[in-house]
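Beneath this line is the structure, given in C-alpha cells, with notes to follow.
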Amino acid sequence: MSIKSKQLFWFFAFFLIYELNIYLSNDMIMPAMLIIIDEFKAEQKFIPLSLSLYLLGGSSMQIFLGPLADYIGKRKLILTGNALFLLATLMVPFSTSIEQFLITRFFQGMGCCFVFVGYAMIHELFDDIEAVKLSSILSSTTILAPLAGPIIGSAIINRLDWKYVFFMSGALGLISLIGLFKFMPKNEVTLRFLDLGAIRRSYAKIFSNRRFMFGIFTAGLATAPLTAWIGFSPIFVMQDMRASYDTYIILQCTILSGFVLSSIAIQKLKNDFPLVHLLRMGGLIAAAGMLGAGAGRHYIDVFAACMFVYSIGFGLFNGALIRCSLTSSKESLTLTSAAMSLLYCIYLAAWLQLYNVLCQRFGYSLSTYALLNIPVILTIVAFLLIFSRGMATRGNSAALLAQH
C-alpha cells in the first residue's frame, strides 16, 4: 500500500525505527551473552532469564497506558516511551553485576509497552487488508532484528566491548525520538476525564471476550518457538554444538528469513483476500515445517530448512490472527490493543521460562528444543482451525462492518 501524506510516511518510518531498535537491542546482545555471564560469573539460566525479564518489562504498563492514550494523547505517550527506552538503554552498559544487568534490562523492556499505541493508530485508520499489510511490515521487525542483530552484535563484540551494543542502540533511540517529535501527528483526545469505573468495565468486557482471549493466547503460543530459538540459540549453537559465530549467524538468517518472505508476500494480496485463508494455510505450512524440524533434529541443515518453512507459515497467519482478535471486541481499540500487548508479553515470557525449565531438566540441546516444539505446533494448528470457524465470509472492510 502507499501512504499519501508525507508527514504520515515519515511518522511511520521513524516509528518503524523505534520498534526495530527495541528488538534489535535485544538481539544484538545475544551473541555476547556467554561473555556477559562469564564476566559476571553467572549461570547459563540467566541467558533466557534476561530475555524473559525484557519481555516482562514490556508487559508492565499497558493496562495503564491504554486509558492514558485516550486521555493525554497517543503522541505524548509514544514520545515518553521512546525517551524511557533511550535512558534505560544507556544505563545497561554501566551494570557491575548480573543482578544490575537484569534489572536494567527489565526497565529497557518497558520501552516496548508503548509500541501498541502506534499499532492502535494503524488499526483505527486502515481497513482489514491495509492494516494487516502495515502491521506485517511492523511485525517483520521482530524477525528482521534476529537476522541483523546477531550479525551486527558479532561484528561489535569481535572488535569492541559488549557495552558498545547498547551505545549503538542508544544512538538509534535518539534518532527515532527526534524523528517522532518532528513528524508524529497530533491526535484528538477522546477522553475528557478518566472515568475509572468505565475503564474498569471496558477492560472487564475485553478480558471476558472469549474470542479475543483465545486468539491472543494462540498468537502468544505460536510465537513461543521462534522466541525460544532466539533466547536459547547461543547455547545450542555456540556451546552445545561448539560452532562459530558464522554458523550461528547463518542459522539465524536461514530460520528467520521465512517470516520476512511471507511478510513481502502479504503485501501483494488484494484487499478482498479472505483472512481465513491466511489463518488456515499459514497454520498448515507452519505445522509441516515444525514437524519436519523435529524429525530432522539430528541433521542441522534439515532442521534449519524445516524451521525456515515454519517461519513462513507463522508469518502468513500471525498478522491475520492478531487483526481478527483485536477487532472481535467492540470496546476502544486503544484499550483492546493495550490488553493484547499485556497478554502477549506475559504469554511469551511464561512460555520461554517453561522452555527454560524443561531444557534444564532434559539438557540445553537442539534435540530437546525440537522435540518440545512438536506438541506445541499440534496445539497451534488445532487452535487456528477452531478460531477460524465461521470466518469464511470475512475478507474486507465491508465484511468487517457487516459483522460489527
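One table, with the values for the structure above:
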read-out: Every pair of residues 6+ apart whose Cβ atoms lie under 8 Å, when the first sits in the range 162-187 and is under 21 Å from Lys76 (Cβ atoms) while the second is not in a helix (DSSP H, G or I); value: Lys186/Gly73; Asn187/Gly73
read-out: Hits in the range 74-101 (condition: surrounded by fewer than 19 Cβ atoms within 10 Å (Cβ to Cβ) and not polar (S, T, N, Q)); value: Arg75, Lys76, Leu79, Ala83, Leu84, Leu87, Leu90, Met91, Pro93, Phe94, Ile98, Glu99
read-out: Condition broken by Arg280, with the remaining ones in (1) within 24 Å of the chain's Cα centre (by Cα); (2) among the charged types (D, E, K, R); (3) within 22 Å of Thr368 (Cα to Cα) satisfied; value: (3)
read-out: Qualifying positions in the range 322-340 - of a type outside the set (A, V, I, L, M, F, W, C) and part of a helix (DSSP H, G or I); value: Arg323, Ser325, Thr334, Thr336, Ser337
read-out: Among the candidates Ala198, Ala243, Ala265, residue that is assigned to a loop (DSSP other than H, G, I, E, B), aliphatic (A, V, I, L, M), surrounded by fewer than 18 Cβ atoms within 10 Å (Cβ to Cβ) and modelled with pLDDT under 85; value: Ala243
read-out: Evaluation of Ala320 against (1) within 22 Å of Tyr344 (Cα to Cα); (2) at pLDDT 95 or above (one fails), failing number; value: (2)
read-out: Of all residues in the range 238-249 being touching a residue at least 40 places away in the same chain (Cβ under 8 Å) and closer than 23 Å to Arg159 by Cβ, the one that is farthest from the chain's Cα centre (by Cα); value: Gln239
read-out: Which numbered condition Thr227 fails, given (1) surrounded by 20 or more Cβ atoms within 10 Å (Cβ to Cβ); (2) modelled with pLDDT of 90 or more; (3) out of contact with any Pro (no Cβ under 8 Å at 6 or more places or on another chain); value: (2)
read-out: Odd one out for Ser332, checked against (1) of a type in the set (Gly, Ala, Ser); (2) at pLDDT 80 or above; (3) under 24 Å from the mean Cα position of the chain (by Cα); value: (2)
read-out: Members of the range 351-365 that are of a type outside the set (S, T, N, Q), part of a helix (DSSP H, G or I), touching a residue at least 24 places away in the same chain (Cβ under 8 Å) and farther than 13 Å from Leu226 by Cα; value: Cys359
read-out: Wholly within the range 1-94, helices (runs of 4 or more DSSP H) carrying at least 1 residues that are farther than 23 Å from Ser154 by Cβ; value: 6-29, 46-57, 62-72, 74-91
read-out: Some residue of the range 242-250 being in contact with a helix residue (DSSP H, G or I) (Cβ under 7 Å, 6 or more places away or on another chain), under 22 Å from Pro375 (Cα atoms) and of a type outside the set (A, V, I, L, M, F, W, C); value: no
read-out: Options Ser154, Ser169: the member that is polar (S, T, N, Q) and either under 22 Å from Met340 (Cβ atoms) or modelled with pLDDT under 90 (or both); value: Ser154
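The values are calculated or read from the model by the stated rules, or taken from the named source; none is laboratory data. Small disclaimer: the values here were computed from a predicted structure and weren't measured. Positions of Cβ are generated from backbone atoms using ideal geometry, with glycine treated the same way; all protein chains shown enter the neighbour counts.
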